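*Asks:* This is the structure I have questions about; it appears just below.
The values are calculated or read from the model by the stated rules, or taken from the named source; none is laboratory data. Treat the numbers as computed from the prediction; the structure is a model and nothing was measured. Note that each Cβ is placed from the backbone with ideal geometry, even for glycine, and that neighbours are counted across all protein chains shown. Surface areas here come from the heavy atoms of the whole protein model, side chains and all, with no ligands, DNA or RNA. Shrake-Rupley method; radii C 1.70, N 1.55, O 1.52, S 1.80 Å.
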Amino acid sequence: MPATAAKEETFMDTGLPLSAGLPHRVADLSADTVRFGRKELDLALVEMPGLDSLRQEYAGKKPLAGAKIMGSLHMTIQTGVLIETLVELGADVRWVSCNIFSTQDHAAAATVAGPDGTADAPKGIPVYAWKGETLPEYWWCTLQALIWPDGSGPNLILDDGGDATLIVHLGREYEESGTIPAVDTADSEEFRCILQLLHDVRAAKGDKFWHEMASSIRGVSEETTTGVHRLYERVREGSLLFPAINVNDSVTKSKFDNIYGCRHSLVDAIMRATDVLIAGKKALVCGFGDVGKGSVQSLAGQSARVSVSEIDPICALQACMLGIDVVRIDESVGDFDIFVTTTGNRSIISVEHMKRMKHNAIVCNIGHFDNEIDIADLEELVKKGEVEKIEIKPQVHEFKFKNTTHGPNGGGHSILILAEGRLVNLGCATGHPSFVMSASFTNQVMAQIELHKNAETYGKTVTVLPKQLDEKVARLHLDKFGAKLTELRPDQAEYIGVTVEGPYKAEQYRY
Ligand code: NAD
Ligand code: 3DD
């Protein structure tokens, strides 16, 4: 990594100046890392027929010419293929990861180098991401990707979880109100970083910086459930500044990525992190939505004995229909060997729950944010000396309780927390496989093209891509399986009230 600037000009304890002007910042831009990343990008493209098809469909047409896209989405090999597809379609792109542990450093390196560049002469795009960022570094990276070399901002955002959308909205809101809350009013380390960043930006760039940036942003496409939730909240509040396309609720995203992606990547992560035998173990999956369903399939696929907790009677009934016990964590926390939170909600697993867990219970989250497991409260017990935190290896920690008596020899018990409560499949493994991400990211590219063409026709709304495009994404992925789609005859189309070309389902149809 390049040398850091003088202390006094730097952002929090990053050692990095706010306006660093760095063309990129990744962990390792060595020739070998670039080679490894490029090889995996090439392999991934073969597994991403949707993106490959869009590159062919739009070859030479540059539908994204003039688009300045700031992306905040896990910097993985699959995301590298997405980025290079956007670039092939004409976009000017800058990128950060949306999680401090999810970057794959060889993917970041190869994306900086680009398909035609090298480690010494990179010709790719600016990426500010490395695995194991601190929270101040994470927000420093986000700012770098929002500012082009000429000082201008993006005209489109591609977001996963809504952090990029959040900082632009908060920055503008505080400029509007004239005051930024004091940093020590923050209720979390994350929000401390955000407030400090906003104070430092105001000091360095004045009190119109975010107004100007927000005014140039024409729209955002949002990848995930939690980010979409944040967008709809803004619509309800009347605070959404620009149109948004909800990519998550394309059927070919959430009913594939969220389910089958997690089915693949959850146990991958638990195995890489712990090497524990999953078969026969009792596992509790908190939440039985899309990610919960995939997570249950993942663990059941390893012959774990899986139960779920749920608040929603419909999802709970679905679990019952699959022979899965629906339990309350408060009443059964001592029964399980493995815990996985998948709710998109907060405080699912508390410190009180952790105190009652089996010795060496494995605790992880696969939801977007790290507040599903009360890590902050656990860290407070570490500070008080009631719990000892032992790093077994990066993103795998033993938390040893001093005051419980059901551990070895009647002493304190331990629990193993993965990825510090952050999404475990990207913190302890490499996330979903390329094919699944191809469907998600084909929707993303379509959403970006739609916003680039027609953002101003949307107003400040959140919309889902039309079913025709959803079905197109599915079609683009069938050949890989040798699937032979049946041709609908006109008389049949008329009988079920659809057209031969589709869409084949009513809007209210649930897949
Ligand atoms: P979803 O809304 O389909 O499912 C969440 C489920 O949790 C719902 O059924 C809800 O009833 C349940 N729930 C809420 N509060 C609960 C509580 N207190 N106890 C028990 N159950 C509760 O959402 P989803 O699409 O499954 O996404 C879940 C989370 O995973 C989101 O944060 C999303 O952004 C994230 N996600 C992560 C990945 C990944 O690769 N790690 C992929 C996709 C989505
Ligand atoms: N996500 C999971 N695996 C991923 C990968 N290999 N690359 C990029 C992102 C990846 C997260 C997505 O499932 C995202 O769509 C989400 O969180 O919903």
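*Asks:* Restricting to the stretch 251-266, name every residue that is touching an Asp or Glu at 6+ places or on another chain (Cβ under 7 Å) and within 12 Å of ligand 1 (Cβ to nearest atom).
*Replies:* Correct list: Ser254, Lys255, Asn258, Ile259.
*Asks:* Going by the structure shown, is Thr463 out of contact with any Cys (no Cβ under 8 Å at 6 or more places or on another chain), open to solvent by 10 Å² or more (accessible area, probe 1.4 Å) and over 22 Å from Glu47 (Cβ atoms)?
*Replies:* yes
*Asks:* Looking at (1) in contact with an Asp or Glu (Cβ under 9 Å, 6 or more places away or on another chain); (2) touching a residue at least 24 places away in the same chain (Cβ under 8 Å); (3) open to solvent by 50 Å² or more (accessible area, probe 1.4 Å), which is the only condition Phe401 fails?
*Replies:* The number of the failed condition is (3).
*Asks:* If I filter the stretch 433-447 for residues that are surrounded by 10 or more Cβ atoms within 10 Å (Cβ to Cβ) and away from ligand 2 (no atom under 16 Å from the Cβ), do I get at least one hit?
*Replies:* There is no residue in the stretch 433-447 that is surrounded by 10 or more Cβ atoms within 10 Å (Cβ to Cβ) and away from ligand 2 (no atom under 16 Å from the Cβ).
*Asks:* Given the structure, is Thr103 among the hydroxyl-bearing types (Ser, Thr, Tyr) and open to solvent by 10 Å² or more (accessible area, probe 1.4 Å)?
*Replies:* no
*Asks:* While we're here: Of (1) near ligand 1 (Cβ under 9 Å from one of its atoms); (2) in contact (Cβ under 8 Å) with a residue 12 or more places away in the chain; (3) not in a strand (DSSP E or B), Met354 satisfies all except one. Which?
*Replies:* Unmet for Met354, out of (1) near ligand 1 (Cβ under 9 Å from one of its atoms); (2) in contact (Cβ under 8 Å) with a residue 12 or more places away in the chain; (3) not in a strand (DSSP E or B): (1).
*Asks:* Which ones in the stretch 211-240 are open to solvent by less than 70 Å² (accessible area, probe 1.4 Å) and more than 24 Å from the chain's Cα centre (by Cα)?
*Replies:* The answer is His211, Ser216, Gly238.
*Asks:* Would you be able to tell me the number of residues in the stretch 1-24 that are aliphatic (A, V, I, L, M) and modelled with pLDDT of 90 or more?
*Replies:* Total satisfying the criteria: 4.
*Asks:* Right, another one. Among all residue pairs at least 6 apart or on different chains, which show Cβ distances below 9 Å where the first residue, located in the stretch 406-435, is among the charged types (D, E, K, R) and the second is in a helix (DSSP H, G or I)?
*Replies:* Listed pairs, sorted by first residue: Glu420/Ile375; Glu420/Gly427; Arg422/Ile375.
One line per residue, one yes/no per condition, for (1) among the aliphatic types (A, V, I, L, M); (2) more than 21 Å from Phe191 (Cβ to Cβ); (3) open to solvent by 30 Å² or more (accessible area, probe 1.4 Å):
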| residue | (1), (2), (3) |
| --- | --- |
| Met354 | yes, yes, no |
| Met357 | yes, yes, no |
| Gly367 | no, no, no |
| Asp370 | no, no, yes |
| Asp377 | no, no, yes |
| Glu380 | no, no, yes |
| Lys384 | no, yes, yes |
| Val387 | yes, yes, no |
| Ile390 | yes, yes, yes |
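*Asks:* Which residue out of Glu420, Glu456 is under 30 Å from Asp374 (Cα atoms), more than 11 Å from ligand 1 (Cβ to nearest atom) and open to solvent by 10 Å² or more (accessible area, probe 1.4 Å)?
*Replies:* Going through Glu420, Glu456 in turn, the sole match is Glu420.
Residues are listed down the side, and each one gets a yes or a no for (1) near ligand 1 (Cβ under 8 Å from one of its atoms); (2) open to solvent by less than 70 Å² (accessible area, probe 1.4 Å):
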| residue | (1), (2) |
| --- | --- |
| Glu310 | yes, yes |
| Pro313 | no, no |
| Gly323 | no, yes |
| Val326 | no, yes |
| Asp330 | no, no |
| Phe339 | no, yes |
| Thr342 | yes, yes |
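*Asks:* Something else now. Being open to solvent by less than 10 Å² (accessible area, probe 1.4 Å), over 22 Å from Thr165 (Cβ atoms) and modelled with pLDDT of 95 or more: is that true of Val96 here?
*Replies:* No.
*Asks:* While we're looking at this one, here's another question. In this structure, does Pro433 turn out to be in contact with a helix residue (DSSP H, G or I) (Cβ under 9 Å, 6 or more places away or on another chain), within 16 Å of ligand 1 (Cβ to nearest atom), over 14 Å from Ser221 (Cα atoms) and at pLDDT 95 or above?
*Replies:* yes
*Asks:* Scan (1) over 24 Å from Thr165 (Cβ atoms); (2) in a helix (DSSP H, G or I) for the single condition Leu485 breaks and write down its number.
*Replies:* Here Leu485 clears every test but (2).
*Asks:* I need the full set of residues from the stretch 63-118 which are over 21 Å from the mean Cα position of the chain (by Cα) and acidic (Asp, Glu), in order please.
*Replies:* Across the stretch 63-118, the qualifying residues are Glu88, Asp92, Asp116.
*Asks:* While we're here: Test Ser414 against the stated conditions and say whether it is touching a Lys or Arg at 6+ places or on another chain (Cβ under 7 Å) and either of a type in the set (S, T, N, Q) or within 16 Å of ligand 1 (Cβ to nearest atom) (or both).
*Replies:* In short, yes.
*Asks:* May I ask you to list the residues in the stretch 274-304 that are within 16 Å of ligand 2 (Cβ to nearest atom) and open to solvent by 10 Å² or more (accessible area, probe 1.4 Å)?
*Replies:* Hits for the stretch 274-304 are Gly289, Asp290, Val291, Lys293, Gln297.
*Asks:* Of the residues in the stretch 21-62, how many are in a loop (DSSP other than H, G, I, E, B), of a type outside the set (D, E, K, R) and surrounded by fewer than 21 Cβ atoms within 10 Å (Cβ to Cβ)?
*Replies:* Counting residues in the stretch 21-62 that are in a loop (DSSP other than H, G, I, E, B), of a type outside the set (D, E, K, R) and surrounded by fewer than 21 Cβ atoms within 10 Å (Cβ to Cβ) gives 8.
*Asks:* Something else: Considering each residue of the stretch 21-42, count those that are within 24 Å of the chain's Cα centre (by Cα) and free of Cβ contacts under 8 Å to residues at least 12 places away in the same chain, and give that number.
*Replies:* 2
*Asks:* Can you work out which of the residues in the stretch 119-174 that are under 22 Å from Leu41 (Cβ atoms), of a type in the set (Gly, Ala, Ser) and open to solvent by less than 10 Å² (accessible area, probe 1.4 Å) is farthest from the chain's Cα centre (by Cα)?
*Replies:* So the residue we want is Ala145.
Residue-wise test of (1) touching a Ser or Thr at 6+ places or on another chain (Cβ under 8 Å); (2) within 16 Å of ligand 1 (Cβ to nearest atom).
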{"position": "Arg192", "(1), (2)": "no, no"}
{"position": "Val201", "(1), (2)": "no, no"}
{"position": "His211", "(1), (2)": "no, no"}
{"position": "Ala214", "(1), (2)": "no, no"}
{"position": "Thr224", "(1), (2)": "no, yes"}
{"position": "Val228", "(1), (2)": "no, yes"}
{"position": "Leu231", "(1), (2)": "yes, yes"}
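*Asks:* Count, please, the residues in the stretch 471-498 that happen to be within 22 Å of Met446 (Cβ to Cβ) and either charged (D, E, K, R) or open to solvent by 70 Å² or more (accessible area, probe 1.4 Å) (or both).
*Replies:* Result for the stretch 471-498: 7.
*Asks:* Return the residues of the stretch 267-293 that are under 25 Å from His397 (Cα atoms) and within 14 Å of ligand 1 (Cβ to nearest atom); say none if nothing qualifies.
*Replies:* The answer is Val267, Asp268, Ala269, Ile270, Leu284, Val285, Cys286, Gly287, Val291, Gly292.
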